[in-house]
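See below for the structure under consideration.
The values are calculated or read from the model by the stated rules, or taken from the named source; none is laboratory data. Quantities reported herein were computed from a predicted structural model and do not represent experimental measurements. Reconstructed Cβ throughout: ideal geometry from the backbone, glycine too, with neighbour counts over all protein chains shown. For the accessible areas, the whole protein counts, side chains as well, though only heavy atoms, and no ligand, DNA or RNA atoms are used. Shrake-Rupley method; radii C 1.70, N 1.55, O 1.52, S 1.80 Å.
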Amino acid sequence: MNGGPNRETERLLAFWDALQEGGAHLPDLDPGLATTVRYLHQNDPSEAVNPEFTARLRDRLLAGQIPAADGPAPVQTVPYPVPALPVSIERQASPSGWRTWGWRAAALLVACLGVVALVAGQDRLSDLLSADTPAIPTSTVASIDAPTQSPEPQISVDGMPMYMGNAARTGIADAAGPADAAAIAWSAQMDKGSAGTPVLADGVLYLGSAGGHLYAFDAESGKELWAFQGAGPMRTTALIAGDVVVTTAGFAGMDGAVHGVDRATGEERWSFAVENQVQSDPLLYDGLVIFGCDDGVVYALNPESGELAWSYQAGGPVSAAAAAGGGQVVFGSGEGMLTALDAATGTEQWTLSPPSELTGDPGDPNPGHSWSTLLILDGTVFVTYSIATQMAVTPQLVLAVDLETGALQWARDDLLGLRTSLLMPAPDGTIRALSMGSNEALLTTFESGTGNPVGERLVLPETENVSAAGGVIAGDRLYILDGGGNGEGSARLRIFDLTDASQVAEVPLPGPGDVGQVDGRRRPPLVVDGSVYVAKNDGAVVAIRDQ
Amino acid sequence: MHTDRSSGAALSDDALLAAAKSDPGQFALLYDRYVDAVFRYCHRRLDDREAAEDATSQIFEKAFSNLPKCRDEWFRPWLFRIAHNVVIDCYRQRRPTVELLDDALQMADEAENPEERAISSESAATLRQLLELLSAEQREVIELRLAGLNGTESMAVLGISREVLGSRTYRAMNRLRSLIEDAEALGVRS
């Protein structure tokens with residue numbers, strides 16, 4: 001645990017905790033303080049509640065007189081029980097057929113749920129979607145070229161300091177992970193599962209838990225180095241900024257905090273208060289820690305002091321991870337707006353609202369807007385976007401937006417499935433879209449300049465249940481967390497060779513917990529320096545290496 | 001909607017919360033478990049039974065209406081976070097006629113001899129009156145402890161780090177110890 005500068009205060013907290021838990025073995029404490037604590041517990045000055053009042057309120061609550069909370073119910077797009085997408089059928093359709101399969105799948109989803117059919121948008125993409133875009137063939141055998149060169153920006157594989165490796169969120173395409181000799185190297189335990197991906201620097205792994213702790217583990221041995229208690233559940237991937245690790249903590253709908261924690265000691269350096277939870281993974285860009293918050297504000301902090309450099313009122317919750325590049329930071333908001341700010345000042349540069357001819361009519365006046373992936377590559381913003389209502393989720397669009405001007409360059413609705421997706425640049429300049437859903441894992445490669453698919457769609461074999469987990473590409477391998485789908489205890493890491501779609505290795509993960517989402521979020525494993533690090537739902541952290 | 005009040009006695013908050021999310025009638029089990037603690041918390045902070053009952057009603061109405069937003073493993077701090085905010089709202093509403101707790105404690109802090117003022121009066125010999133001599137922040141950490149919340153939960157409710165919680169608690173207890181010792185010296189504590 002975090003020791004803190006004052007050991008007496010820590011002893012006082014520990015003493016009080018132990019007394020509340022029954023107090024069989026109370027830590028040492030100054031006798032005067034110990035007596036005062038005991039005195040408080042023996043002389044609670046409050047008065048008991050009136051039984052009549054208790055009964056009256058109880059009856060009123062349960063008689064249904066309490067209205068539901070205002071506003072739409074929280075949209076949860078990830079765990080939707082969707083049927084298989086008719087990928088192989090629609091790929092053979094007319095030139096406009098590829099534009100419509102997603103909508104048909106959404107309608108099929110709605111039908112399966114017994115609710116009103118989603119309004120389709122078959123012919124609404126004509127202006128922005130290239131008419132001669134080829135259909136995507138489907139295959140279980142990849143025809144993806146092996147990487148030949150590294151994409152820009154170059155990224156060191158010495159560590160993974162933030163979600164997707166860098167501020168542009170490109171991932172580490174040339175990172176090396178284990179292969180056919182993969183086996184568990186060590187397993188450690190946190191108090192709860194994690195909604196984030198581990199980050200790594202200088203041989204230390206950092207990971208926040210839903211139980212409100214930020215942990216530091218020795219990456220080689222798995223030994224816990226320290227644990228810092230934050231102000232609430234941690235819902236993001238931590239960020240390494242120099243000798244500080246930044247984490248976020250807080251409850252939905254209530255005040256939260258961003259903590260700067262000393263990497264060496266686990267002691268808090270600073271804390272920054274926000275007015276809601278933070279779900280947007282912080283990034284480090286041009287010396288600033290930048291993150292969005294559910295309070296509708298994007299903040300930029302000095303990583304050394306925690307002082308506010310600038311803030312921007314977005315007009316809606318900013319829950320998805322932002323990306324930065326070219327002097328700008330780009331984010332999507334819950335109001336359905338993609339916005340670029342000057343990263344140094346927070347000044348708005350441009351905004352883009354996906355036009356209705358792209359999105360169709362969701363049939364809900366207050367739909368949820370989901371931005372599941374956002375990356376910046378060679379002056380272009382690539383973002384996945386979908387609309388979710390209480391009844392259905394629209395297929396995810398892939399939008400390519402000019403970073404400097406905000407002009408929409410192209411958009412497609414056939415590259416992804418209905419569920420969480422991940423975009424990663426390939427070494428040859430193309431972009432890979434990993435879509436985990438539709439009862440299978442799909443990998444599609446497309447040209448970054450046009451969105452046109454390259455080669456065949458890769459359907460990974462026996463991936464019926466991977467929709468509950470996450471995946472990431474490293475080198476020529478794909479690492480997928482497979483929840484197993486057979487209840488607890490069947491979670492596993494699966495490694496595929498992208499050159500022939502073959503499964504290279506399968507590693508059962510120890511413990512009873514699954515590897516599905518935590519707090520409604522699912523995250524890929526960390527693949528770096530020949531290792532894979534996995535956080536399970538039961539709080540276990542597992543390192544896997546070639547043995 | 002019928003709920004056996006005794007059926008949830010052995011179940012964890014997690015289990016009761018899950019049950020209440022799927023069947024709102026099961027919220028009664030959580031309500032029964034916490035209504036007294038919440039009322040006592042409100043009463044300690046508002047020092048008025050009627051105001052405490054009003055606040056308790058608001059707290060459980062908010063909790064009941066927003067139950068789907070509560071994370072499974074955090075019901076108690078979540079509930080007391082609501083209580084914390086409702087009590088603050090009560091203070092704000094009372095501002096025109098009743099001095100805010102912060103104001104009152106600022107007065108206490110600024111008084112030439114607040115301890116003497118309290119201890120010299122027989123009515124000031126109670127623990128509640130001694131607690132009123134603490135700052136608002138110091139009282140908060142003690143009141144949450146008296147409501148049964150541990151350090152981790154108190155941090156979550158107040159949105160502060162363990163270091164800050166420890167510092168506030170340490171200062172509060174040292175000051176309270178001093179007040180109690182002075183009260184004992186003057187024979188006002190029974």
(request) Pairs only if they're at least six apart or on different chains, beta carbon under 8 angstrom, first in region B:38-57 and touching a residue at least 24 places away in the same chain (Cβ under 8 Å), second polar (S, T, N, Q); list them, first residue then second. (result) B:Val38/B:Thr56; B:Arg40/A:Ser46; B:Tyr41/A:Ser46; B:Cys42/B:Thr56; B:Arg44/A:Ser46
(request) Out of the residues in region B:33-51 that are within 9 Å of chain A (Cβ to nearest Cβ), over 11 Å from the mean Cα position of the chain (by Cα) and modelled with pLDDT of 90 or more, state the one that is least open to solvent (accessible area, probe 1.4 Å). (result) B:Val35
(message) Go through region A:215-248 and report how many residues are away from chain B (no Cβ under 12 Å), outside any strand (DSSP E or B) and farther than 23 Å from A:Val532 by Cα.
(response) 2
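Among the residues of region B:75-88, is any in contact with a Lys or Arg (Cβ under 8 Å, 6 or more places away or on another chain) and within 9 Å of chain A (Cβ to nearest Cβ)?
Of region B:75-88, the ones in contact with a Lys or Arg (Cβ under 8 Å, 6 or more places away or on another chain) are B:78, B:82, B:86-87.
Keeping just the survivors that are within 9 Å of chain A (Cβ to nearest Cβ) gives B:78, B:82.
Yes, region B:75-88 contains at least one residue that is in contact with a Lys or Arg (Cβ under 8 Å, 6 or more places away or on another chain) and within 9 Å of chain A (Cβ to nearest Cβ).
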(request) Among the residues of region A:477-513, write down those that are of a type in the set (Asp, Glu) and modelled with pLDDT under 85. (result) A:Asp482, A:Glu488, A:Asp500
(request) Determine, yes or no, whether A:Asp255 is modelled with pLDDT under 95 and open to solvent by 10 Å² or more (accessible area, probe 1.4 Å). (result) yes
(request) Kindly indicate the residue of region B:162-177 that is more than 7 Å from every other protein chain (Cβ to nearest Cβ) and among the charged types (D, E, K, R) and also most open to solvent (accessible area, probe 1.4 Å) among those meeting that condition. (result) B:Arg171
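Kindly indicate whether B:Asp72 is open to solvent by 20 Å² or more (accessible area, probe 1.4 Å), assigned to a helix (DSSP H, G or I) and modelled with pLDDT under 85. Can you show your working first?
Numbers: open to solvent by 20 Å² or more (accessible area, probe 1.4 Å): yes; assigned to a helix (DSSP H, G or I): no; modelled with pLDDT under 85: yes.
So B:Asp72 does not fit the description; no.
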(message) Exactly one of these conditions fails for A:Ser311: (1) within 14 Å of chain B (Cβ to nearest Cβ); (2) open to solvent by 40 Å² or more (accessible area, probe 1.4 Å); (3) modelled with pLDDT of 95 or more. Give me its number.
(response) (1)
(request) Return yes or no: is A:Leu239 in the same structural domain as A:Gly334 (by TED's automatic domain parsing), at pLDDT 95 or above, aliphatic (A, V, I, L, M) and open to solvent by 10 Å² or more (accessible area, probe 1.4 Å)? (result) no
(request) Run A:Pro31 past the list (1) surrounded by fewer than 16 Cβ atoms within 10 Å (Cβ to Cβ); (2) in contact (Cβ under 8 Å) with a residue 12 or more places away in the chain and report the number of the one that doesn't hold. (result) (2)
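Quick one: in region B:151-161, which of the residues that are closer than 19 Å to A:Leu29 by Cβ and open to solvent by less than 20 Å² (accessible area, probe 1.4 Å) is farthest from the other protein chains (Cβ to nearest Cβ)? If you could, list the steps in order and put the result at the bottom.
Applying the first criterion (closer than 19 Å to A:Leu29 by Cβ) to region B:151-161 yields B:151-152, B:154.
With open to solvent by less than 20 Å² (accessible area, probe 1.4 Å) added as a condition, the list becomes B:151, B:154.
Numbers: B:Gly151: 5, B:Ser154: 9 Å.
Of everything passing the filter in region B:151-161, B:Ser154 is farthest from the other protein chains (Cβ to nearest Cβ).
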